[in-house]
Amino acid sequence: MSDSTEKVSNENASTENIVVKNTDEDLKKRVLEAIEMFRPMLQADGGDIEFVSIDEQMRLHVKLTGACGSCPMALMTLKQGAESYITEAVPEITEVVRDTEEGEEPDMFAGFM
């Protein structure tokens with residue numbers, strides 16, 4: 001990931017444009033906050049979500065644990081639930097992808113989403 005800058009107009013500021021730096025740590029903090037806000041929805045059904053990484057294509061890698069780890073609907077929950085929520089909260093994130101443990105079976109419907 002690289003730092004990016006964004007120009008923000010502020011009517012109350014003495015300058016017309018203020019440059020806000022979007023650092024890797026700021027991005028990670030906002031992603032972790034979004035995960036924390038979404039997490040209770042998974043925990044209500046015995047599952048959970050863990051941050052793994054953010055790659056150079058701005059894809060968020062997560063691990064689904066608990067009931068979500070073996071649920072046949074996990075991919076739908078990931079894409080329609082977590083991804084929708086997180087990409088709205090943190091627009092820089094382009095996709096949320098599930099990382100699997102070595103030896104774990106991949107999602108059987110992975111090619112359909």
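The values are calculated or read from the model by the stated rules, or taken from the named source; none is laboratory data. Owing to the predicted nature of the structure, the values given are computational and were not obtained by experimental measurement. Counting neighbours? That spans all protein chains shown, and the Cβs are built from the backbone with ideal geometry, glycine included. Areas reflect the complete protein model, heavy atoms only, side chains present, ligands, DNA and RNA absent. Shrake-Rupley method; radii C 1.70, N 1.55, O 1.52, S 1.80 Å.
Some points to look at:
- Per residue, the accessible area of segment 25-68 comes to 55 Å² when a 1.4 Å probe rolls over the protein heavy atoms.
- Using all pairs of distinct alpha-carbon atoms, the Kirkwood hydrodynamic radius of segment 32-101 works out to 11.8 angstrom.
- Potential extension, residue 37-residue 88 segment - 0.36 nm per residue separation minus Cα distance: 17.1 nm
- Inter-site label distance for residue 95 and residue 56 at 7 Å from Cα along Cβ, in nm: 1.6
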